[in-house]
Structure formats: structure tokens, C-alpha cells
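Undergrad: A single structure is presented below for examination.
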């Protein structure tokens with residue numbers, strides 16, 4: 001412990017005067033990609049530390065250290081698969097605030113898994129927003145996937161229950177549940193989500209295999225609050241980062257992983273059904289510095 | 001909205017206030033805290049730099065350190081600079097003279113354009129008594145047209161759509177149709193698009209050049225991060241924007257994007273949208289939001305909302321009753337109805353400063369269905385029972401339970417809650433407040 005403090009002090013001494021501007025600018029770059037100021041500070045401290053220990057002080061060398069530090073935070077989540085249950089149907093519950101691209105992400109996921117030969121059923125559990133069901137049905141049509149829906153304003157839990165029944169009856173491999181967008185601060189709507197989860201547990205004897213929080217990469221620091229509150233309510237297993245074809249870097253997912261331990265699992269970009277990928281920490285880090 | 005920033009400033013100024021006098025070091029640490037708070041609120045880092053430079057210059061220029069009340073002085077400067085940074089009061093729409101006023105709404109995907117179009121239409125219809133019509137020019141997103149027509153139907157507004165046409169032609173035909181039919185305002189709902197998608201950006205430029213809208217509004221998600229400035233600048237460079245509509249302020253976002261965008265574009269924030277109900281739409285008041293940042297609560301908004309739905313006389317009567325502790329179930333149900341009219345309960349509560357600072361308040365169940373149940377129970381009471389809740393004994397409870405389709409347990413809960421509310425009201429009325437408003441107490445500043 002003592003040694004760490006000594007190191008930090010020496011690094012500070014070394015960079016003070018000559019390197020301040022350099023570090024300031026690095027910090028600004030991190031912040032401009034929506035990484036929180038706390039995470040940015042932590043990353044830079046570690047880089048300074050590593051720089052002292054390795055003797056690396058050149059610009060390119062420091063950049064590599066910085067990338068390595070970011071990849072370290074994102075690690076433990078190498079581009080892997082999502083959980084597939086041994087007892088079908090595998091259930092993916094997709095949640096998030098309004099307008100992040102939940103339905104599009106679901107369509108892209110379904111396209112991906114359909115190509116792997118999976119039989120999928122959509123549960124249209126957004127019974128609230130105008131035309132939400134029709135939006136999902138449109139994708140279901142294109143992808144030739146069954147969709148379970150009820151009337152407008154029906155109980156989302158009932159939709160989910162029926163979709164599980166249907167999946168079991170039809171021997172489907174997978175149920176993907178589309179939920180209404182909701183602000184994390186809305187108590188009632190968060191309770192409604194918990195109920196959906198309970199319905200899955202009641203019918204299958206286990207929780208959904210993945211509870212995926214969709215985060216819009218354009219979002220700033222509020223994404224952390226979204227992740228924290230959804231995690232508390234729902235035990236989020238991973239993040240789907242959307243709209244990465246824009247100019248925002250989505251750096252807040254770094255803060256979310258660092259602070260809350262929720263990994264990014266999937267990344268989407270563009271409006272094509274094919275534009276969905278497993279998250280790759282190295283590629284993502286390169287993007288932050290592009 | 002802006003809640004976290006508010007609490008940051010509160011902490012900071014509380015500490016300074018306790019010290020009384022400010023040292024040069026204090027000023028720097030205050031500025032540092034403000035910097036952190038602004039960055040955490042998603043204010044663009046370049047904007048933060050300039051804001052702090054202005055702040056410091058003013059603070060030093062006005063000899064804040066010599067002032068007898070330096071903390072208040074700093075607060076005053078921060079407040080003023082913040083208001084300046086947020087621009088002027090929104091909402092003023094320049095209606096065209098002769099012929100309809102054409103408004104075009106643009107923005108990224110998922111910012112809430114369609115909802116904002118509906119909310120604005122209802123606002124113009126009710127507040128300005130304008131015959132408003134809509135054009136559905138988003139032919140890309142599945143079911144976008146259906147979403148607009150469906151919502152428009154609920155507020156009885158006409159929509160022009162042509163599913164398989166091109167958005168430029170649709171806009172042109174729609175404007176022609178509604179001009180002929182004598183609309184006062186025509187709002188065009190365009191598809192969400194990326195600001196770096198040349199083809200799509202070209203499309204809104206063409207729409208603009210074809211129908212020549214009088215106003216172009218950029219719809220901005222209040223949760224947008226550091227890129228907000230670049231996004232807004234790109235849209236503004238393509239089709240000059242006349243104003244911003246800030247959406248999703250009902251989340252706990254700090255909304256720093258609004259500050260950055262106004263600061264960079266110098267385009268006014270016209271309206272804010274803060275909930276899923278069609279009425280969750282308001283003019284933008286920079287001073288209110290700045291004072292909210294500084295911890296005074298968005299009191300004026302709530303007073304206005306309350307005044308809109310509470311009958312003035314009834315409110316006075318209620319205030320008197322609260323003071324005399326004569327609140328009964330008749331008043332209670334009146335209140336329930338009014339609160340329901342104001343929007344969702346948790347949103348109303350979130351506007352009260354006390355709700356933010358008081359932990360006990362946070363735990364209160366703001367369940368809307370709960371309100372409905374309460375209403376049903378009270379409706380099953382006799383007039384005498386409503387006026388004298390004390391007479392509600394066991395057999396009366398049973399009858400009320402049967403009548404309202406609830407258990408006796410629920411009746412007990414409501415009675416208890418009523419007693420608690422009475423107590424709470426008493427507490428509020430002991431605070432100094434605006435007379436005549438039932439919310440005078442908790443909102444008094």
C-alpha cells in the first residue's frame with residue numbers, strides 16, 4: 001500500500017510542470033467520449049502508475065498503456081455468446097428507457113439467432129405506446145417469426161405468459177420479450193418489469209436467461225443511473241449498446257462496467273437487420289481513440 | 001430534472017455558507033466543484049471551460065471576496081450566469097401572417113419527435129386556439145405513421161400521410177391540403193436521422209426548401225451526452241433551426257445538454273417535454289430551471305400546474321380547512337381528482353423540494369392504481385361518513401369494503417393514510433406559503 005502511494009507521488013513529481021497539459025488533454029478526450037469524470041480519473045491514475053513502473057513515457061507508449069487500462073476494465077466479457085438454456089425456450093428480456101432502440105435491437109437479435117437455426121417467438125409486451133405492437137409485428141413479418149400480442153393496454157405479464165405457453169407448445173428455442181420504454185425513475189413501471197420477470201419464473205422455474213438493458217450510445221452520464229436502477233430492480237445481465245454508427249462513443253458503458261460490473265454484450269449500428277455484433281473490448285477501445 | 005446538480009450545489013454552498021467568509025482558495029474549490037458538477041451533468045467540456053472562465057472573471061471583478069456575504073454573492077453570480085447560459089424564456093412562436101404557420105420537427109432517432117409533435121399540436125390547439133394539422137413524413141420507421149395517426153386521433157387532430165410516397169412529396173402535398181382546408185398551423189413529423197447521414201440530411205434540406213417552414217425545431221433528448229453540441233450544430237448547419245424542444249426531462253437526467261446546446265447554437269429552448277402523458281409539455285423557463293439547479297425546487301411550475309386544475313375558491317376553502325384541521329374525505333377526493341389531473345403522482349411529488357430532501361417522503365407509495373382504489377373506497381362512503389370519518393366503525397367498514405370491491409384491510413389502510421395526510425397537511429400549513437393554494441405550504445420559498 002505504501003509503495004503505491006510513493007509511486008503516485010513520484011509520478012506526480014515527474015509529470016508536474018512538463019506533463020500537466022498532456023494529462024489534461026487525455027482527460028478531456030476521455031470525458032468527451034462520455035466516460036464519467038471519476039472513471040477517467042481512475043484510468044489516468046493507473047496509467048501514470050504503469051508508466052512509472054514500466055518506464056514508458058513516450059506518447060505512443062502512453063497511449064498503449066491507456067488502451068490496455070481501458071481494455072482491462074472492459075475485460076472478462078470477451079466477445080462471447082449470450083446464455084442459452086439447456087431447457088428451451090431460452091428467454092431474453094429486453095428493457096430500457098424510451099427511444100433507445102429496443103425494438104430494432106430485438107429484430108436484429110432475432111435475425112442473428114434465426115440464421116443460427118433457432119426458432120424464435122416475440123412477446124410484444126409493450127402494450128402502452130401507440131403502434132409499438134405494430135412495429136414489432138412488422139419485423140416479425142419480415143423475419144417470419146411468430147409474435148404474441150394482446151390488446152392495447154393489456155397486462156404485459158399476461159402477454160409474456162402466453163408467449164411462453166406458445167413457445168412450449170410449438171417447441172420454440174427462444175422467446176424474446178420486447179417491453180415498453182420506461183424511465184428508470186418511474187416506480188410503477190419498474191414494478192411492472194419485476195412482475196414480468198416473476199411471470200417467467202413462475203412458468204419456467206427460472207429467471208429469464210438474459211435480462212438485457214438497451215443503452216443508446218448517444219446518452220451521457222444518465223446511462224449510469226439507468227443501469228444502476230434497472231440493475232437493482234431486474235438483475236441486468238448485460239447491455240446492448242445501440243446507435244454506435246453515430247458520432248457518440250458510448251464511453252459511459254466503461255463507467256457502468258467499472259462501477260456496477262455490468263458487461264456490454266451486444267452492439268448495434270445502423271438500420272440494417274444485419275448490423276449487430278458481439279461486443280469486442282479491443283475494437284471498442286480503438287473506437288474511443290479514433 | 002437537474003436534480004443531482006442541484007444537490008451538488010446545495011452541498012457546496014452549505015459548506016461555504018457555514019464558513020461565512022470566502023478565501024481565494026475557497027473560490028477555486030467552489031469553481032472546481034462547479035466544474036465537476038457540470039461535467040457530471042453532461043455539459044460539454046468546452047462549454048464548462050468557458051462558463052468557469054466567465055464565472056471567475058465576474059467573481060473577481062465584483063470583489064466577491066470582500067463582500068460581507070460572499071457565498072450568497074457567488075450563488076447569485078452562478079445563478080445569473082446559469083440563466084444566461086440557458087437562454088431566454090421559450091414558447092413564443094412567431095405565427096405567420098396570412099396562411100398557415102408551418103413547423104418542421106427534426107432530430108436523431110428516438111429523441112421523442114412524434115410524441116413532441118402530438119404534445120405541441122395539443123398545446124397550440126388549447127393555448128393558442130389554432131387549428132392544427134399534422135404531416136407524417138417518417139416513411140422509414142415501421143409503424144411510425146400509425147403511431148402519429150393513432151395519437152392524433154386521441155386529441156382530434158388531422159394527419160396527412162401517404163405511406164409509399166417520398167417525404168418531400170408528402171410534405172408538399174400535406175401543406176397544400178391543409179392550406180386549402182384552412183389550418184392555422186401545420187406540423188411536419190420527420191423521420192429520425194443521424195446527423196452524419198448525408199442522404200438523410202439532404203432529405204430534410206429538400207423538405208425545407210420545398211415547403212419553406214416558418215419554424216424548424218430540433219428535438220433534443222435531455223439525456224444526450226457530450227456530443228449534443230456536435231449533433232445540434234450539424235442539424236443547424238443543414239437546416240437552420242429556430243428552436244429546441246427538450247425531451248425526457250421526467251428522467252433523473254441532469255440535462256446539461258440543454259446548457260451546451262443553447263450556449264453553442266444561441267437558439268432558444270422553446271419547450272420541454274417531461275412525461276408520457278400528452279399534457280406533459282411546458283414552456284421552457286431558464287430561471288426556473290436555474291433555481292432548480294440551485295436547490296429551490298421547480299416551484300413556479302408546480303404552482304401553475306396546480307392553479308390550472310384547482311378551483312381557486314375550493315383551494316382557499318381547503319387551505320382554511322387544513323389550518324383548522326377539519327380536512328374530510330370530501331376534500332380528500334377533490335384533491336385526488338385534482339392530483340390526477342396534474343399528471344402522474346410521482347412527477348408532481350418530484351417537483352416539491354421537500355420530496356427531494358425528505359427521506360420519508362421518498363418512501364411514500366406513488367402508485368396510480370392506488371389512487372383509483374382510494375377513489376373507489378371514498379365513493380362507497382355515505383356523505384356523513386365522508387364528512388365525519390370518525391364515525392366509520394366496523395360494520396360501516398364492512399359495507400364500504402363490499403361496495404367498493406375491497407377488503408376491510410384496504411379500508412383500514414385508507415383511514416390510516418387519511419389520518420397521516422391530515423397530519424402532513426398540518427405540517428405543511430405551519431410552513432409559510434402562498435395563501436389560497438393548497439400547495440402553498442410545501443412550495444413556499
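The values are calculated or read from the model by the stated rules, or taken from the named source; none is laboratory data. Only a predicted model underlies this, so the values are computations on that prediction, with no experimental measurement involved. Positions of Cβ are backbone-derived with ideal geometry, glycine not excepted, and every protein chain shown enters the neighbour counts.
Undergrad: Given the structure, is residue B:257 in a helix (DSSP H, G or I), at the interface with another protein chain (Cβ under 10 Å from one of its Cβ atoms), more than 24 Å from residue B:156 (Cα to Cα) and touching a strand residue (DSSP E or B) at 6+ places or on another chain (Cβ under 6 Å)?
TA: On the way: in a helix (DSSP H, G or I): yes; at the interface with another protein chain (Cβ under 10 Å from one of its Cβ atoms): yes; more than 24 Å from residue B:156 (Cα to Cα): yes; touching a strand residue (DSSP E or B) at 6+ places or on another chain (Cβ under 6 Å): yes.
So residue B:257 fits the description; yes.
Undergrad: Would you check which residues across the range A:108-133 are out of contact with any strand residue (DSSP E or B) (no Cβ under 9 Å at 6 or more places or on another chain), crowded, with 18+ Cβ neighbours inside 10 Å and farther than 19 Å from residue A:196 by Cβ and list them?
TA: Within the range A:108-133, A:130, A:131 qualify.
Undergrad: Here's a check for you: in the range B:355-394, which residue that is part of a loop (DSSP other than H, G, I, E, B), within 14 Å of chain A (Cβ to nearest Cβ) and surrounded by 14 or more Cβ atoms within 10 Å (Cβ to Cβ) is modelled with the highest pLDDT? If you could, list the steps in order and put the result at the bottom.
TA: Our first condition is that a residue be part of a loop (DSSP other than H, G, I, E, B); within the range B:355-394, this holds for B:358, B:364-367, B:380-382, B:388, B:392-393.
From what's left, within 14 Å of chain A (Cβ to nearest Cβ): B:364-367.
Next, from what is left, pick out any that are surrounded by 14 or more Cβ atoms within 10 Å (Cβ to Cβ): B:364, B:366-367.
Working: B:364: 52, B:366: 55, B:367: 61.
Out of the qualifying residues, it is B:367.
Undergrad: Which is surrounded by 17 or more Cβ atoms within 10 Å (Cβ to Cβ), in contact (Cβ under 8 Å) with a residue 12 or more places away in the chain and away from chain B (no Cβ under 14 Å), of A:35, A:70?
TA: Of the residues listed, the single one that is surrounded by 17 or more Cβ atoms within 10 Å (Cβ to Cβ), in contact (Cβ under 8 Å) with a residue 12 or more places away in the chain and away from chain B (no Cβ under 14 Å) is A:70.
Undergrad: Return the residues of the range B:404-413 that are assigned to a helix (DSSP H, G or I) and touching a residue at least 24 places away in the same chain (Cβ under 8 Å); say none if nothing qualifies. Write out each step before concluding.
TA: Taking the range B:404-413 as the starting set, the residues that turn out to be assigned to a helix (DSSP H, G or I) are B:404, B:408-413.
Listed by number, the residues that qualify are B:404, B:410, B:411.
Undergrad: Considering each of A:143, A:189, A:164, A:136 in turn, give the residue that is touching a helix residue (DSSP H, G or I) at 6+ places or on another chain (Cβ under 6 Å) and within 24 Å of residue B:275 (Cβ to Cβ).
TA: Values: A:143 fails: within 24 Å of residue B:275 (Cβ to Cβ); A:189 fails: touching a helix residue (DSSP H, G or I) at 6+ places or on another chain (Cβ under 6 Å); A:164 fails: within 24 Å of residue B:275 (Cβ to Cβ).
Matching residue, one of A:143, A:189, A:164, A:136: A:136.
Undergrad: I would also like to ask the following. Can you find even one residue in the range A:126-144 that is more than 26 Å from residue B:109 (Cα to Cα), more than 14 Å from chain B (Cβ to nearest Cβ) and assigned to a loop (DSSP other than H, G, I, E, B)?
TA: The first filter runs over the range A:126-144 and keeps only residues more than 26 Å from residue B:109 (Cα to Cα), leaving none.
So far as the range A:126-144 goes, no, none of its residues is more than 26 Å from residue B:109 (Cα to Cα), more than 14 Å from chain B (Cβ to nearest Cβ) and assigned to a loop (DSSP other than H, G, I, E, B).
Undergrad: I'd like to know if the range B:184-206 contains one or more residues that are within 24 Å of the chain's Cα centre (by Cα) and in a helix (DSSP H, G or I).
TA: So far as the range B:184-206 goes, no, none of its residues is within 24 Å of the chain's Cα centre (by Cα) and in a helix (DSSP H, G or I).
Undergrad: Could you check the range B:244-261 and list, in sequence order, the residues that are modelled with pLDDT of 90 or more and over 13 Å from the mean Cα position of the chain (by Cα)?
TA: Within the range B:244-261, B:244, B:261 meet the criteria.
Undergrad: For the range A:100-111, check the following and say yes or no: at least one residue is in the same structural domain as residue A:200 (by TED's automatic domain parsing), modelled with pLDDT of 90 or more, under 27 Å from residue A:180 (Cα atoms) and part of a loop (DSSP other than H, G, I, E, B). Talk me through it step by step, then tell me what you get.
TA: Going through the range A:100-111, the residues in the same structural domain as residue A:200 (by TED's automatic domain parsing) turn out to be A:100-111.
Of the ones still in play, those that are also modelled with pLDDT of 90 or more are A:100-111.
Going one step further and asking which of them are under 27 Å from residue A:180 (Cα atoms), we end up with A:100-111.
Then drop every residue that is not part of a loop (DSSP other than H, G, I, E, B), which leaves A:100-101.
Yes: the range A:100-111 contains one or more residues that are in the same structural domain as residue A:200 (by TED's automatic domain parsing), modelled with pLDDT of 90 or more, under 27 Å from residue A:180 (Cα atoms) and part of a loop (DSSP other than H, G, I, E, B).
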